[in-house]
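Encoded as structure tokens, the structure appears first; notes follow it.
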Amino acid sequence: MIKKYKDVEDSKVVLSELMLPSHSNFSGKIHGGYILFLMDQIAFACASKHSSTYCVTASVDTVDFLNPIDVGDLITLKSSINYVGRTSMVVGIRVESENIKTGEIKHCNSSYFTMVAKDDKGVGMRVPGLIINSNDEVRRFLKSVKRIEMKRQRQKEFDDEDFSHDSYLSDLENYNVKIELKEKN
Ligand SMILES: CC(C)(COP(=O)(O)OP(=O)(O)OC[C@H]1O[C@@H](n2cnc3c(N)ncnc32)[C@H](O)[C@@H]1OP(=O)(O)O)[C@@H](O)C(=O)NCCC(=O)NCCS
């Protein structure tokens, strides 16, 4: 029977991988795209575990690469469900690298992937609710709610249909742009 609510613990996924030379760029650092690939994989695993079905990636929140990762580092990705909606889930991911010889651990990046649960016909499927039972889990849930609200607000404010530059031109004065409008709005 599909559970109505699930614990955050039930779907946590951890993935560790040694960084090989084949994943590096010309300066011996690991490609950001490869890290994103691993993040997408772990988000998929975590969301699929929570929803007990396969999921698709709907959106990826900002990924700031805080520290480079070297060939030979052991990276560890930790994921957990931060938020659930009706068919969507926000998976929080933290990536750390460890220098095998010195044991030094660095925080490389954190990001939030929105995953949507699908049934066998590709239709969105309702996901179990989330049991949140720690201060951190409450904080992460509320932070996701805030990010979703901010994204909606941003999309609404800069919607193609309604956008008019008139009220924004003065905001651009302090930026590295030269305004040469060719069309009248
Ligand atoms: C993402 C996708 C499932 C949304 O489908 P849709 O028909 O627009 O569905 P809805 O508008 O009903 O949204 C479904 C849920 O996804 C959420 N969602 C949709 N687009 C989103 C986005 N860009 N960011 C965050 N959440 C999003 C909605 O808020 C909704 O959440 P809820 O059910 O928890 O309330 C659909 O656009 C899709 O399949 N995209 C391709 C996914 C894919 O192939 N990913 C791999 C990339 S190659």
*Subset of region 117-134 [part of a strand (DSSP E or B) and surrounded by fewer than 16 Cβ atoms within 10 Å (Cβ to Cβ)]*: Gly124, Gly129, Ile131
*Give the residues of region 46-73 that are within 15 Å of the ligand (Cβ to nearest atom) and within 23 Å of Lys121 (Cβ to Cβ), sorted by residue number.*
Ala47, Ser48, His50, Ser51, Thr53, Tyr54, Cys55, Val56, Thr57, Ala58, Ser59
*What are the residue pairs meeting all of these: first residue in region 18-44, first residue touching a residue at least 40 places away in the same chain (Cβ under 8 Å) and closer than 18 Å to Ser111 by Cα, second residue aromatic (Phe, Trp, Tyr) and part of a strand (DSSP E or B), Cβ atoms under 8 Å, and 6 or more apart or on different chains?*
Met39/Phe113; Asp40/Phe113; Ala43/Phe113
*Can you tell which of Ser59, Ser48, Ser27, Ser22 is in a loop (DSSP other than H, G, I, E, B) and more than 17 Å from Val95 (Cβ to Cβ)?*
Ser27
_Every residue from region 86-116 that is surrounded by fewer than 18 Cβ atoms within 10 Å (Cβ to Cβ), on the phi < 0 side of the Ramachandran plot and either touching a Lys or Arg at 6+ places or on another chain (Cβ under 7 Å) or not polar (S, T, N, Q) (or both)_ = Arg86, Arg94, Glu98, Ile100, Lys101, Glu104, Ile105, Lys106, His107, Ser110
_For the condition surrounded by 10 or more Cβ atoms within 10 Å (Cβ to Cβ), acidic (Asp, Glu) and either modelled with pLDDT of 95 or more or more than 12 Å from the ligand (Cβ to nearest atom) (or both), what is the one hit in Glu137, Glu180, Glu161, Glu173?_
Glu137
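The values are calculated or read from the model by the stated rules, or taken from the named source; none is laboratory data. What you see is a predicted model; the values in this text were computed from it and never measured. Cβ atoms come from the backbone with ideal geometry, glycine included; neighbour counts cover every protein chain shown.
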